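J.: Pasting a structure here, questions to come.
The values are calculated or read from the model by the stated rules, or taken from the named source; none is laboratory data. All values reported here derive from a predicted model rather than from experimental measurement. In this analysis, Cβ positions are derived from the backbone assuming ideal geometry, glycine residues included, and neighbour counts consider all displayed protein chains. Quick note on the areas: whole protein, heavy atoms, side chains included, nothing else; ligands and nucleic acids left out. Shrake-Rupley method; radii C 1.70, N 1.55, O 1.52, S 1.80 Å.
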Amino acid sequence: MGKMGTHLSWVSNIILFNIYYKILIMSLYKEFSSLLPYLQSVRKLENYLSFDVSFPTSWKLPKKYVDEEKVMEQASKVENHRFFSFVSEISEENVGLISDNLKNIIRYNLELEEKDRLFQNKVNELKVIFEKQNLNNLKDLSFEMKPKTTKIKLDDGEESVKRIGVTES
């Protein structure tokens, strides 16, 4: 029974290790999945981690997400992209902060791109309205926002606004 107990213990340790390893990999994947399209490498430099990312040249790095002492721009080998190294001391708090800031930079810029697409679509819709309507109808054109939103959130706070949007009278 001693050998059988040792064998079962060994097998159960392997199973537990595999489960732990899978959970660790899943956690890492979850943590970095939104960074993967931009993440080029993660390097250990003594007591620091360097997150190397490549962003389109049109993207902005909002100051609220960048500690200028901990980011360095490198020469990019990819046309129309900028290459940055974000450096963090190795600790859960600091690495988490860098990861969150990178995610926020990505989210911020993807939202700007979506807003630009939406703006272009709305401009095209407005062009069609101007092409099809006569001048008197266009003079009565007004802009209103749907009632579900009464505030517009700005980077530096919120501003109360009256209804803004597009309607035809």
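J.: Select, from SER88, SER142, the only residue that is touching a strand residue (DSSP E or B) at 6+ places or on another chain (Cβ under 6 Å) and at pLDDT 90 or above.
T.: Residue meeting the stated conditions: SER88.
J.: Just one of ILE105, ILE129 is touching a Phe, Trp or Tyr at 6+ places or on another chain (Cβ under 6 Å) and not polar (S, T, N, Q); which is it?
T.: ILE105
J.: For region 29-121, which fully contained strands (runs of 3 or more DSSP E) count at least 3 residues that are in contact with a helix residue (DSSP H, G or I) (Cβ under 8 Å, 6 or more places away or on another chain)?
T.: 48-56, 81-89
A quick yes/no check of all residues on (1) open to solvent by less than 90 Å² (accessible area, probe 1.4 Å); (2) in contact with a strand residue (DSSP E or B) (Cβ under 6 Å, 6 or more places away or on another chain); (3) not aromatic (Phe, Trp, Tyr):
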{"residue": "LYS60", "(1), (2), (3)": "no, no, yes"}
{"residue": "ASP67", "(1), (2), (3)": "yes, no, yes"}
{"residue": "VAL95", "(1), (2), (3)": "yes, yes, yes"}
{"residue": "ILE105", "(1), (2), (3)": "yes, no, yes"}
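J.: Open to solvent by 80 Å² or more (accessible area, probe 1.4 Å), at pLDDT below 90 and over 21 Å from PHE84 (Cβ atoms) - does that describe any residue in region 30-52?
T.: There is at least one residue in region 30-52 that is open to solvent by 80 Å² or more (accessible area, probe 1.4 Å), at pLDDT below 90 and over 21 Å from PHE84 (Cβ atoms).
J.: May I ask you to list the residues in region 69-93 that are surrounded by 12 or more Cβ atoms within 10 Å (Cβ to Cβ) and among the basic types (Lys, Arg)?
T.: Those that are surrounded by 12 or more Cβ atoms within 10 Å (Cβ to Cβ) and among the basic types (Lys, Arg): LYS70, ARG82.
J.: Just to verify a result, which residue in region 114-142, among those that are in contact (Cβ under 8 Å) with a residue 24 or more places away in the chain and open to solvent by less than 80 Å² (accessible area, probe 1.4 Å), is farthest from TYR38 (Cα to Cα)?
T.: Out of the qualifying residues, it is ASN137.
J.: Within region 145-167, count every residue that is part of a loop (DSSP other than H, G, I, E, B), modelled with pLDDT under 55, open to solvent by 70 Å² or more (accessible area, probe 1.4 Å) and more than 30 Å from SER34 (Cα to Cα).
T.: Residues in region 145-167 being part of a loop (DSSP other than H, G, I, E, B), modelled with pLDDT under 55, open to solvent by 70 Å² or more (accessible area, probe 1.4 Å) and more than 30 Å from SER34 (Cα to Cα): 5 in total.
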